[in-house]
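> Next up is a structure, given as structure tokens.
The values are calculated or read from the model by the stated rules, or taken from the named source; none is laboratory data. As the structure is a prediction and not an experimental result, all values here were calculated from the model. Note: ideal-geometry Cβ built from the backbone for every residue, glycine included; neighbour counts use all protein chains shown. To get the accessible areas, we keep the full protein, side chains included, count just its heavy atoms, and leave off ligands, DNA and RNA. Shrake-Rupley method; radii C 1.70, N 1.55, O 1.52, S 1.80 Å.
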Amino acid sequence: MSQQVPTEIAAEVERQHALIMRGTAYGDEGTRRVMDRELRARLTESLIEDRPLRVYLGVDPTSPDLHIGHCVTLRKLALFQQLGHQSILLIGDFTGLVGDPSDKDSLRPMQAAEILNRNAETYQDQAFKLLDPDRTEVRRNSEWLGEMSFGDVIHLASNFTVQQFRERDTFKNRLDGGQPVYVHEFMYGLMQGYDAVALEADIQLGGTEQTFNIMCGRTLQERQEQSPQVAILTPILVGTDGTLRMSKSTGNYIGMDEPPNTQYGKAMSIPDDVIVRFFDYGTNIPDDEVDQIEADLNSGTFKPMDAKRRLARSIVAEWHGDDAAQAAEEQWTRTFSQRTVPDDIPEAPIEFAGADTVEVALPLLLHDIGAAASRAEAKRLVSQGAVRIDDEVVKEQSTELRNGAVLRVGRRKWYRIVRGK
């Protein structure tokens, strides 16, 4: 290709490049420079040849719901779509059988095929809230991985060494700690890598934990004499705890399909130091507005509580509409800001044996009514001051309860004590 690029094409390359690379994250500067350079080259070829780039995002349907952490890459895929490129949503119905070991410190349980297929349908429906379904190519990797012979798998594995996989942080930490790493877990990187070959991908999107898998794809594409895909890596959105990666398994997530009041309450519970991160990666607020929010928070002209209110409204409005966001804010204000009890709270029946009050073991009660997953967790909640009775913090493991008392656990769990059998 001639090095002389028409001015209008060069300008469009720079425009698209700036939009695509905003908010990306790479493990080292060397990788960023390589991907930056290759992206410019691919965009230039695309515009000169009038050929849209093939850009894909793979999601394993290991649970029925997507959360706003998934939207970081989904929004980037939607951006490529808006720029005129071919967006591909790859449902990992075959890779999901193994489970991605990336960012996991223990064996990930294998999933049943029927569960993955059921989840795949909900994933697609939820993803189309951000993607244009008429311009989205939806594929499943069982199309090619399910047709491979054992000989094909051996040939695929011959492209990599045990040492390459041994040096992955997740595997290395487990092996150094005396935990087992199973052979089928090594297969995941090979499988995802082959997805890039099958799709003839120009670009793959993924969180930073996907670097190794995406690089496997580049290796296999080169072996198949394809141009290696460009890795566009995005940061991982932390959960509502502000520390761990957002995940359904840890319970620190905001689901795309959760009710408005739940989404609003969870957004209001995040720590102050991750507010900007949630605006940046968890909402559809324009970049320049996010920059202004960050500046105002840093200057003190925008208070964290007010910022979280706007964040919560933005999240609910995106998935449920402005009216639902307004109603959720009013409900939250009544419930938490003004410390009033919600209108409809579940009843917790206990035996009073004819008296109006009764002494109870609080951890046992919390576990029995479903307010805590275990008695050990219930004990921690009590000792940490997370349990209130009639709006008074209770830290004693054993306490007296009256008929009609309001029990509150954390910020969002409420129960009314009633006389049971």
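> Return the total of residues in the range 272-283 being more than 14 Å from His67 (Cα to Cα) and in contact (Cβ under 8 Å) with a residue 40 or more places away in the chain. Give the steps one after another, and end with the answer.
Step one: filter the range 272-283 for residues more than 14 Å from His67 (Cα to Cα), giving 272-277, 279-280.
From what is left, the residues that are in contact (Cβ under 8 Å) with a residue 40 or more places away in the chain are 277, 280.
Of the residues in the range 272-283, 2 are more than 14 Å from His67 (Cα to Cα) and in contact (Cβ under 8 Å) with a residue 40 or more places away in the chain.
> A further question on this structure: Taking only pairs six or more apart or across chains, which ones have beta-carbon atoms under 6 Å, a first residue in the range 71-99 that is of a type in the set (Ser, Thr, Tyr), and a second residue that is open to solvent by 20 Å² or more (accessible area, probe 1.4 Å) and in a loop (DSSP other than H, G, I, E, B)?
Note: pairs meeting the criteria are Thr95/Asp60.
> For residues that are open to solvent by 40 Å² or more (accessible area, probe 1.4 Å) and either in contact with a helix residue (DSSP H, G or I) (Cβ under 6 Å, 6 or more places away or on another chain) or not polar (S, T, N, Q) (or both), tally how many sit in the range 255-270.
At the first step, the residues of the range 255-270 found to be open to solvent by 40 Å² or more (accessible area, probe 1.4 Å) are 257, 259, 261-262.
So of that shortlist, the ones also either in contact with a helix residue (DSSP H, G or I) (Cβ under 6 Å, 6 or more places away or on another chain) or not polar (S, T, N, Q) (or both) come out as 257, 259, 261.
Summing the residues that are open to solvent by 40 Å² or more (accessible area, probe 1.4 Å) and either in contact with a helix residue (DSSP H, G or I) (Cβ under 6 Å, 6 or more places away or on another chain) or not polar (S, T, N, Q) (or both) in the range 255-270 gives 3.
> Okay, moving on. Among Glu225, Glu209, which is the only one that is on the phi > 0 side of the Ramachandran plot and acidic (Asp, Glu)? Working first, answer last.
Working: Glu209 fails: on the phi > 0 side of the Ramachandran plot.
Just one listed residue meets the conditions, Glu225.
> Right, something else. Among the helices (runs of 4 or more DSSP H) contained in the range 272-391, which hold 3 or more residues that are open to solvent by less than 70 Å² (accessible area, probe 1.4 Å) and either at pLDDT below 90 or β-branched (Val, Ile, Thr) (or both)?
On the way: elements: 275-282, 287-299, 304-320, 322-332, 362-368, 375-383.
Of the helices (runs of 4 or more DSSP H) lying wholly inside the range 272-391, those with at least 3 residues that are open to solvent by less than 70 Å² (accessible area, probe 1.4 Å) and either at pLDDT below 90 or β-branched (Val, Ile, Thr) (or both) span 287-299, 375-383.
> Could I ask something else about it? Among residues belonging to the range 22-41 that are open to solvent by 20 Å² or more (accessible area, probe 1.4 Å) and in contact (Cβ under 8 Å) with a residue 40 or more places away in the chain, point out the one that is nearest to Gln229 (Cα to Cα).
Of everything passing the filter in the range 22-41, Glu38 is nearest to Gln229 (Cα to Cα).
> Now for a different question. Within the range 392-406, take every residue that is assigned to a loop (DSSP other than H, G, I, E, B) and not hydrophobic (A, V, I, L, M, F, W, C) and give me the one that is least open to solvent (accessible area, probe 1.4 Å).
Initial filter on the range 392-406 (assigned to a loop (DSSP other than H, G, I, E, B)): 394-397, 403-405.
Those still in the list that are not hydrophobic (A, V, I, L, M, F, W, C) too: 395-397, 403-404.
On the way: Lys395: 122, Glu396: 108, Gln397: 72, Asn403: 62, Gly404: 23 Å².
Of everything passing the filter in the range 392-406, Gly404 is least open to solvent (accessible area, probe 1.4 Å).
> Just wondering, is there one or more residues in the range 222-232 that are among the acidic types (Asp, Glu) and more than 24 Å from Ser63 (Cβ to Cβ)?
Narrowing the range 222-232 to residues among the acidic types (Asp, Glu): 222, 225.
Still in the list and also more than 24 Å from Ser63 (Cβ to Cβ): 222, 225.
Checked the range 222-232: at least one residue is among the acidic types (Asp, Glu) and more than 24 Å from Ser63 (Cβ to Cβ).
> Since Asp202 meets every condition but one in (1) open to solvent by less than 10 Å² (accessible area, probe 1.4 Å); (2) closer than 20 Å to Thr31 by Cα, which condition does it not meet?
For Asp202, the exception is condition (1).
> Find the helices (runs of 4 or more DSSP H) located wholly in the range 114-203 whose residues include 3 or more that are in contact (Cβ under 8 Å) with a residue 24 or more places away in the chain, and list them.
Numbers: elements: 142-145, 150-157, 162-166, 169-176, 183-199.
By residue number, 142-145, 150-157, 169-176, 183-199.
> Name the residue, out of Glu167, Glu222, Glu209, that is open to solvent by 10 Å² or more (accessible area, probe 1.4 Å) and either touching a strand residue (DSSP E or B) at 6+ places or on another chain (Cβ under 6 Å) or within 22 Å of Leu77 (Cβ to Cβ) (or both).
After applying the criteria, what remains is Glu209.
> Let me ask another. Looking at (1) surrounded by 18 or more Cβ atoms within 10 Å (Cβ to Cβ); (2) of a type outside the set (Ser, Thr, Tyr); (3) under 13 Å from Leu19 (Cβ atoms), which is the only condition Val59 fails?
It is condition (3) that Val59 fails.
> For the range 260-271, enumerate the residues that are in a loop (DSSP other than H, G, I, E, B) and either in contact with a His (Cβ under 6 Å, 6 or more places away or on another chain) or in contact (Cβ under 8 Å) with a residue 60 or more places away in the chain (or both). Even if it seems obvious, please write down each step before you answer.
Taking the range 260-271 and keeping what is in a loop (DSSP other than H, G, I, E, B), we get 269-271.
If the condition is that a residue be in a loop (DSSP other than H, G, I, E, B) and either in contact with a His (Cβ under 6 Å, 6 or more places away or on another chain) or in contact (Cβ under 8 Å) with a residue 60 or more places away in the chain (or both), then Ser269 is the only one that fits.
> Return the residues of the range 228-248 that are open to solvent by 10 Å² or more (accessible area, probe 1.4 Å) and either in contact (Cβ under 8 Å) with a residue 60 or more places away in the chain or within 20 Å of Leu145 (Cα to Cα) (or both); say none if nothing qualifies.
From the range 228-248, those open to solvent by 10 Å² or more (accessible area, probe 1.4 Å) are 228, 235-236, 238, 240-245, 247-248; that's our starting set.
Hits for the range 228-248 are Pro228, Pro235, Ile236, Arg245, Ser247, Lys248.
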